[in-house]
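To keep things clear, I will list the structure first and then write my remarks on it.
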Amino acid sequence: MVDYQSLKKNETLLDDYLVFLQKTKPNENWSLNKQKAYWLNTYNAYTIKIILNNYPLKSIKDIKQKGEIAWKIPFIKIGEKKFTLDWIEHEILRKKFNDPRIHIGINCASVSCPKLGNFAFSEDNVETALNNLMLNFINDSDRNKISKNNLKLSKIFDWFYNDFTKNGTIIDYINKYASIKVSERASIKYLTYDWNLNIK
């Protein structure tokens, strides 16, 4: 959960970081891990920024600007270009890296989202960090309820089903991380997503 009230009081620190991101545009000389870490950090930092810009509020889904929802507002400036959260998620992170763990690395400021780590991703830590976040997410009974014969999964696994099943079934993917061995014949349902703000 995020202490937005304290962040609001120290918003200049976040703004300084956003300026750093704007000036530090990724290039093809960067390793894939460095690029991935950059875009994950950018998504999360700007998600916090759009919440602070509209704080207090009940949900990120309440944000509207010129008829656009939060994910479609072009408020992210990198170099001379402007991006939306949707563009970073779908056109950069999903397309370029082909890594379903990015859905656990980015945070949509909502209760049912994967937990937002209190660290920045880096070239050196991004692989280990994403593995740990996925391990914790799948075994977090607030977000996924797992038993041998029944799965009640986060809607993330439904929305991005194709991302998680490129190398097997959804159960194969869950079994890579779950503390319980799930049967291949287990039933699968998806939990209702709580879009309330992940406020501390």
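The values are calculated or read from the model by the stated rules, or taken from the named source; none is laboratory data. Bear in mind that the values here come from a model prediction, so they are computed numbers and not experimental data. Virtual Cβ from ideal backbone geometry, glycine too; neighbours counted across all protein chains shown. In case anyone asks, the SASA skips ligands and DNA or RNA and just uses the protein heavy atoms, side chains included. Shrake-Rupley method; radii C 1.70, N 1.55, O 1.52, S 1.80 Å.
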Next on the checklist: Looking for something exposed (fewer than 12 other Cβ atoms within 10 Å of the Cβ), of a type in the set (G, A, S) and out of contact with any strand residue (DSSP E or B) (no Cβ under 8 Å at 6 or more places or on another chain) - is there at least one such residue anywhere in segment 5-15?
Outcome noted: yes
Checklist outcome for this item: When every residue in segment 129-144 that is buried (at least 17 other Cβ atoms within 10 Å of the Cβ) and either among the hydrophobic types (A, V, I, L, M, F, W, C) or touching a Gly at 6+ places or on another chain (Cβ under 7 Å) (or both) is compared, the one nearest to P114 (Cα to Cα) is F137
Checklist entry - Filtering segment 71-81 down to residues that are assigned to a loop (DSSP other than H, G, I, E, B) and not acidic (D, E), which residue is surrounded by the fewest Cβ atoms within 10 Å (Cβ to Cβ)? => result G79
Item to check | Subset of segment 82-102 that is among the charged types (D, E, K, R) and assigned to a helix (DSSP H, G or I) - its residue that is nearest to the chain's Cα centre (by Cα) | outcome: E89
Next on the checklist: What's the total number of residues in segment 106-128 that are within 14 Å of the chain's Cα centre (by Cα) and either open to solvent by less than 30 Å² (accessible area, probe 1.4 Å) or of a type in the set (S, T, Y) (or both)?
Outcome noted: 11
Checklist outcome for this item: In segment 56-70, anything open to solvent by 60 Å² or more (accessible area, probe 1.4 Å) and assigned to a loop (DSSP other than H, G, I, E, B) is listed as P56, K58, K66, G67
Checklist outcome for this item: Taking segment 145-154 and keeping only residues that are surrounded by 14 or more Cβ atoms within 10 Å (Cβ to Cβ) and either within 21 Å of the chain's Cα centre (by Cα) or in a loop (DSSP other than H, G, I, E, B) (or both), one is left with K145, K152, L153, S154
Checklist entry - For the subset of segment 28-67 comprising residues that are more than 29 Å from S122 (Cα to Cα) and among the aliphatic types (A, V, I, L, M), which member is farthest from the chain's Cα centre (by Cα)? => result L57
